[in-house]
Amino acid sequence: MSDLSVALPKTIHADTVRKKRRRIRTREDWVMDTVVTIVMIIVIIMTVYPFYYITIQAFNNGMDSTLGGVYFYPRRPTLDNFITLLSDASWGHALLVSIARTVLGTFLGVLVTSAVAYALSFENILFRGIYYKIYIFTMYFGGGIIPFYAVIRTLGLINTFWVYVIPGMLGVYYMLILVNFFQSIPKSLYESAWLDGAGDISVFFRIALPLSKASLATVALFYAVGQWNSWMDSVYYVTKPELRPMAYMMMQIVNKFASAEAVTNAQTMGYAASAMESTTTSLQMAAMVTGVVPILMVYPFLQKYFVKGVMIGSVKG
């Protein structure tokens, strides 16, 4: 009790000193905090406002937007831009293609990448150094579009849905993140499972993957965003209209509606010329919002894993 009675006053005194130091703020501190706050507010406005402006333009009457003055809220709120955009049946089909390639591509990408990373995380694997050098080589050098197109054609993937999924199932950068994480898992867990009769596949699915949720969620987010926003592969390797993803449709509508013959192009793409409540700009804004919203809906569920997963993969090397 005597030691406790002596220690308590010292602790209280130390806390009091700390609080007094926190209260003592010089003029330079106030000036610096004010400057930092102002700069951060400006950065936030410059970062957030373009997205906010696109949103209010998408939900505002297109003809009314041409008059100007729509900066902070929709002056004439409407859903006509989205209705006009999605009235074309090809947009609905393109949305399904984008969802399918995002879900399937993310699942297979995470599965294949994590399997390769798990194998390379063991230092006693045969030819491990050679595998590493080959993978790293592919990160810096590529054969180009024409040789890659020849490979895709040889595999019979041209004008098929699988051209969106199979070529991107292994991301070397994501593999390196997962290798570093798998190496941080104590090998004693694997050894105990092997002694109990578990095979490598069982250890991979029952021990390695459940312990790496943060890294897997981070890699899954990267794969999902990449698949959802990808449109160049549909330009090079797909000619069938029914296989076009939504990202390609967005680029098409932005490019065509930017031309002088906006009404003519709208008619050829299936949009009613009489629906003049929507303009070229408002339809572009609606297309952008339609493409961004699904990713924004998924991100909050993976946000808590994002920073942790990236840090795990970058600290150890």
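Given a 1.4 Å probe and every protein chain left where it sits, what share in percent of the accessible area of segment 84-131 is carbon and sulfur? If you can, show how the numbers build up before the last one.
Numbers: 1780 of 2300 Å².
The computed percentage sits at 78.
Probe of 1.4 angstrom, ligands and nucleic acids ignored: what's the accessible area per residue over segment 114-235, in square angstrom? Each step should come with its number before you reach the end.
Details: 6790 Å² over 122 residues.
Per residue, segment 114-235 has an accessible area of 56 Å².
Take each of the peptides 111-120, 204-213, average the number of other beta-carbon atoms within 10 Å over its residues, and list them starting from the highest.
The most tightly packed comes first, giving 111-120, 204-213.
Hey, can you rank 238-249, 75-86, 218-229 by average C-beta count inside 10 Å, highest first?
Put in order of decreasing packing, that is 218-229, 238-249, 75-86.
Which of the listed residues, 129, 190, 149, is farthest toward the dipole's positive end in segment 98-229, when Lys, Arg count +1 and Asp, Glu count -1 at the beta-carbon?
Among 129, 190, 149, the one farthest towards the positive end of the dipole of segment 98-229 is 149.
Would you mind getting the accessible area per residue of segment 23-89, heavy atoms of the protein chains only, 1.4 Å probe, in Å²?
Accessible area per residue: 75 Å².
The values are calculated or read from the model by the stated rules, or taken from the named source; none is laboratory data. Because the structure is predicted, anything quoted here is derived from the model rather than measured. Every residue, glycine as well, gets a Cβ built from its backbone with ideal geometry; the counts of neighbours run over all protein chains shown. When the accessible area is computed, the model is the full protein with side chains, heavy atoms only, and any ligands, DNA or RNA have been set aside. Shrake-Rupley method; radii C 1.70, N 1.55, O 1.52, S 1.80 Å.
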